[in-house]
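Here is the structure we will look at.
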Amino acid sequence: MFEIYAYGNVDTLTGVFNAIAAIMGGADYFGLIKAIAITGVLVAAFAGLFTPGKFHGWGWLMGFLLVYYALFLPKSTVVIVDKLGSQPPVAVGNVPIGVAFFGHATSKVGDVMTRFFETAFQVIPATNAQLPASSRTRRTASCSATA
């Protein structure tokens with residue numbers, strides 16, 4: 001399970017990940033992948049005809065299959081977390097692990113950088129500054145219970 005951090009707009013991200021899961025989970029997409037693999041091997045075979053003794057088709061096919069079976073075939077669940085707290089987390093299933101991992105990694109970097117900048121650039125008033133009335137704390141008399 002991978003978390004994607006959002007600052008609002010959770011519905012849009014949910015729609016995007018649902019669309020990715022729907023497209024990459026269909027039979028038409030798998031047919032497209034097979035067509036690309038066959039085309040790549042044929043192109044490599046014709047290129048090998050013009051450079052005798054250097055057929056790179058098998059290497060290309062193995063690399064293609066390795067990337068496909070490592071990044072696109074395994075599925076994972078993505079949880080979209082709203083950092084503003086206005087919406088509950090939303091889980092989207094059957095997202096390819098390559099998309100989920102890289103989405104999580106870039107989202108995590110963005111979240112950490114956002115928190116760093118919010119912390120570093122917050123305004124800290126001087127000790128002799130007058131705070132607005134909305135920012136002042138109320139002093140209340142403490143009650144002590146007598147026994």
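Bear in mind that the values in this text are calculations on the coordinates, not laboratory data. Note that the structure is a prediction, hence the values are computed from the model and not measured. Glycine gets a Cβ as well: all are built from the backbone with ideal geometry, and neighbour counts include every protein chain shown.
Couple of notes before you dig in:
- Leading residue at positive end of dipole, the chain (Cβ point charges), from PHE102, TRP60, GLY85: GLY85
- Its Cα centre serving as origin, the chain has a Cβ charge dipole (Lys and Arg +1, Asp and Glu -1) of approximately 360 debye.
- Note: relative contact order over the chain, using C-alpha pairs below 8 Å and six or more positions apart, is 32 percent.
- A convex hull fitted to the Cα coordinates of the chain yields 232 cubic angstrom per residue.
- Spatially, the range 76-126 and the range 17-69 are offset by 34 Å when compared through their Cα centroids.
- Counting DSSP beta bridges with both ends in the range 2-120, the antiparallel % (nearest 5): 50
- Mean ellipticity per residue at 222 nm, deg cm²/dmol - from DSSP H runs of n ≥ 4 across the chain, formula -39500 (n - 2.57): -17000 deg cm²/dmol
- Legend: calculated FRET efficiency, ALA37 to ASN94, from the Cβ-Cβ distance at R0 = 25 Å, rounded to 0.05, equals 0.70.
- Cα-based equivalent ellipsoid, the range 64-109: semi-axes from gyration tensor eigenvalues, Å: 25, 12, 4
- Positive minus negative residues near HIS104 (Lys, Arg vs Asp, Glu; Cβ under 15 Å): +1
- Taken as entire DSSP H runs, the helices of the chain that both span 24 Å or more between Cα atoms along their own long axis and average 1.6 or more on the Kyte-Doolittle scale are 27-50.
- Annotation for GLN87 and PHE64: the two label points, set 7 Å from Cα along the Cα-Cβ direction, are 3.8 nm apart.
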